[in-house]
Amino acid sequence: MALLEVKNLQVEAGGKKILNGLDLSVNVGEVHAIMGPNGSGKSTFSYVLAGKPGYKITGGSARFEGEDLLALAPDERAAKGLFLAFQYPLEIPGVTTMTFLRTAVNAVRKKRGEAEISTPDFLRFVREKAAALHIDLEMLKRAVNVGFSGGEKKRNEILQMALLEPKLGVLDETDSGLDIDALKVVAEGVNKLRSKKRAIIVITHYQRLLDHIVPDIVHVMAKGKIVRSGGPELALELEKKGYAAFEQAA
Amino acid sequence: MNAEVKPIRTPAEQALAAAIETARAKFSSAKPVAKLREKAAMSFLESGLPHRRIEEWKYTDLRALMREAAPLAPPPDAAAIKAAKTLDPFPGIEARRLVLVNGTFVPELSDLKALEAGLTILPLARALAEGHKLTGKIGAIVPDTYDAALALNTAFLNDGIIIALEKDAKTEKPIHIIHCNVGKSPVATFARALILLGASARAHIIESFVGPDGVGYQANSALELHAGDDSKLDFVRLQAEGDTALHLATLLAEIGARVKFSLHPVTMGAALSRFSVLLRFAGAGTEGKLAAANLLRGRQHADTTLVVDHAAPGCSSRELNKSALDGASRGIFQGKIIVRHGAQKTDARMATHALLLSDNAESDNKPELEIFADDVQCGHGATSGALDETLLFYFLARGIPREQAEALLIQSFVGEAIETIAHDGLREALMERASNWLKERG
Amino acid sequence: MIHLGKNSTSRIISKGIAAASSNNTYRGLVSAHRKATGARNFTNCDSLLIGNNCGAHTVPYIEAKNSSAVFEHEATTSKISEDTLFYCMQRGLSAEEAVAVVVNGFVKDVLQQLPMEFAVEAQKLIAISLEGSVG
């Protein structure tokens, strides 16, 4: 059984059709890349997987470990092991990143029927994961994403992914707004999270992220559905030919 | 013990009551307006002049400040009209001048020729006498709270002006309403204006107030404005009354959907002035901007009281009030943003900044928010303080003398409210007035 | 907050939360008298709205009677945005936990000034009074 099985997914937002019969199957241990031009529906797909309000599912299905994902609340999906790294992480004034991380980790543990993590254990756990991402502990004392640079926000997202240990991580344009050094740090962090027990979907507009996070399977998305799938070489082909050829095919 | 105290009428209130009696006999016109006048007179007779216990007049105790009421101005004679000829505060600006002398519309001083298509201009007295249908719109905008200045204006409603712009019509040049006061003895004037903009109409309006120094005249004006859907209005206002005058003014605006509206009031004159504004956003998607500049000195007291009423969703409003206060002047700003239930996606910001240039100046600010919808962005900021010493020092260190440095800083401070005026000539003329004010400061 | 003495400093932080059908009003006077030279005040008055039947009112009176007084006042109203709730829920927090996190962040400036025991109590009280205000 695939970890994520999306069939003929159709989604509308604001009366406009955005996903138009999307099919995708992701197995545990795989890294998929979804590439596509702006407006092809990539971000919508990630939001729909995570359960963001405001989207109307008009057809199709999405199953996570065989369970109907679309019937679950966003926090239930998170507890099941679905993580979305936001393209634009939200700012939460007054709440320190540390407090937020602990609250999230414990909320997920509780829903999974696990015991809450003790404060010293948690600190050890965060310190270890943060160091791998070159995250300064001072940064964790600041309010969640408030005044963070683009790179800090994205590293904070990956840190949260590391702490929540999801079965499926969806990275929505994690490369946007990053310079090459920040990109390398983030990619390194993601690579450390690659595991036989975990799948990752990398959503990106550009090929450059895929130099650092080498996917097993590449999908090209256009006009709300996946129009072609292949190996890593597909990303290179795309880089050469551009999206226009694929859009015509859609 | 809370004994019922029947307020004793002050001399000013007694005089106003007597004037209302006389006016009742003298004015007689079409029924709806007579009724409106009578209702306002009755409310005024009942509540009298406002005092500091009336929340809206907390900082302007009119009962204490208005010692006596000047007699009602007679219609201007030939000499008065002649004297008014040279009183245009914006002589260099091409505009359609509409002149009121001591509250009476004077056609011979006004430019009523070659009106743009769809533009109607009516002397109010004549429209009332003829029972013109547009007079039915007078008194249609009713503020939430009773206001004595507006009630007095309505009780003595007799002359003024009606400007109506039909759907899609456009003013080619600004319409300039000039309120002049002339004469050597103090008189009371009550002018009323009604401006109606049809859907998609575009207008540029200037309203100015001028009069002689040293004559304690009392000018009370009210302007009602209806802006139709998709209309656009730029409104610039200059209050340059004589230095001992009492100026009470009300602006009531009912604004439709998708309107672009800007209001620039500049207050420089009068010993005691109050400008009360109600902007009611009645249609969705409207953008309103207000930027006010106040330059006060001596013992001047100026009160700007503003209510921005967001009654429809998706409107944005920006209010900026800047006051430079010198001498023993007192600058007051009361600004209230209301967001009604259901007026979601309102984006309203208000800021008031006072610059105290002397130890005896006083700044009172009351920015209020009253919010009944949750998906809104509202905020206000208020600051008051003296000129920034570190900035001054920077100027001094560059060899700029203190006076000049102060003038530059003050000019840039109030200039922020003036520089957003779209009309080049008006902007420059008002900047020059500000700069002259600073020169006179010496 | 009435400033009579020279160089006196004051600070007001008001955080109002209105949920369901409640109304919250801030009314405050800041005044500097003639002789209170160098007086300073900073006022921050924020309202958080939860749900669309509640109301927030801010009525500050700011009276500066001498030029060297420096007064600053800021007020904002905001709501807990859908996006923020979704972000928290994506990290596994339930809707109520998400609201609690945001509200605690909102009132933090005030609660952190309280002695520990009070702060803990206050936090619990907030949690109780917000129960059922979402979802």
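General observations
- Of all residues in region A:48-81, those satisfying the criterion of being within 16 Å of A:D172 (Cβ to Cβ) and not aliphatic (A, V, I, L, M) are A:G51, A:K52, A:G54, A:Y55, A:P74, A:R77.
- Here the condition is being within 13 Å of chain A (Cβ to nearest Cβ), under 23 Å from B:I338 (Cβ atoms), at pLDDT 85 or above and not in a loop (DSSP other than H, G, I, E, B); of C:D83, C:D46, it holds for C:D46 alone.
- Taking region B:58-100 as the range and being touching a His at 6+ places or on another chain (Cβ under 8 Å), in contact (Cβ under 8 Å) with a residue 12 or more places away in the chain and closer than 27 Å to B:P11 by Cβ as the test, the residues that pass are B:T60, B:L62, B:R63, B:A64, B:L65.
- Total residues in region B:299-340, condition among the small types (G, A, S), assigned to a strand (DSSP E or B) and surrounded by 21 or more Cβ atoms within 10 Å (Cβ to Cβ): 6
- In region B:232-262, the qualifying residues are those that are part of a loop (DSSP other than H, G, I, E, B) and free of Cβ contacts under 8 Å to residues at least 40 places away in the same chain, and the one that is surrounded by the most Cβ atoms within 10 Å (Cβ to Cβ) is B:V259.
Table: residues versus (1) among the hydrophobic types (A, V, I, L, M, F, W, C); (2) under 21 Å from B:K289 (Cβ atoms); (3) free of Cβ contacts under 8 Å to residues at least 24 places away in the same chain; (4) surrounded by 15 or more Cβ atoms within 10 Å (Cβ to Cβ).
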{"position": "B:E389", "(1), (2), (3), (4)": "no, no, yes, no"}
{"position": "B:L392", "(1), (2), (3), (4)": "yes, no, yes, yes"}
{"position": "B:A397", "(1), (2), (3), (4)": "yes, no, yes, no"}
{"position": "B:Q404", "(1), (2), (3), (4)": "no, no, yes, no"}
{"position": "B:I410", "(1), (2), (3), (4)": "yes, no, no, yes"}
{"position": "B:V414", "(1), (2), (3), (4)": "yes, yes, no, yes"}
{"position": "B:E428", "(1), (2), (3), (4)": "no, yes, yes, no"}
{"position": "B:N436", "(1), (2), (3), (4)": "no, no, yes, no"}
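- The selection criterion, being touching an Asp or Glu at 6+ places or on another chain (Cβ under 7 Å), more than 9 Å from chain C (Cβ to nearest Cβ) and under 30 Å from A:E138 (Cβ atoms), holds for A:A85.
- Which listed residue, of A:V220, A:V190, A:V186, A:V227, is part of a strand (DSSP E or B) and surrounded by 21 or more Cβ atoms within 10 Å (Cβ to Cβ): A:V220
- Every residue from region C:94-105 that is at the interface with chain A (Cβ under 7 Å from one of its Cβ atoms) and under 24 Å from the mean Cα position of the chain (by Cα): C:E97, C:V101, C:V102, C:N104, C:G105
- Residue match in region B:342-358 (condition: in a strand (DSSP E or B), at pLDDT 90 or above and touching a Lys or Arg at 6+ places or on another chain (Cβ under 7 Å)): yes
- Extreme residue, modelled with the highest pLDDT, among residues of region B:359-393 that are of a type in the set (S, T, Y) and within 26 Å of B:H301 (Cβ to Cβ): B:S363
Residue by residue, here is whether (1) more than 22 Å from the chain's Cα centre (by Cα); (2) farther than 30 Å from B:A23 by Cα; (3) part of a helix (DSSP H, G or I) holds:
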{"position": "B:R52", "(1), (2), (3)": "no, no, no"}
{"position": "B:A80", "(1), (2), (3)": "yes, no, yes"}
{"position": "B:A83", "(1), (2), (3)": "yes, no, yes"}
{"position": "B:T86", "(1), (2), (3)": "yes, yes, no"}
{"position": "B:P91", "(1), (2), (3)": "no, yes, no"}
{"position": "B:L98", "(1), (2), (3)": "no, no, no"}
{"position": "B:A114", "(1), (2), (3)": "yes, yes, no"}
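The values are calculated or read from the model by the stated rules, or taken from the named source; none is laboratory data. Computed from a predicted model, the values in this text were never measured in an experiment. Every residue, glycine as well, gets a Cβ built from its backbone with ideal geometry; the counts of neighbours run over all protein chains shown.
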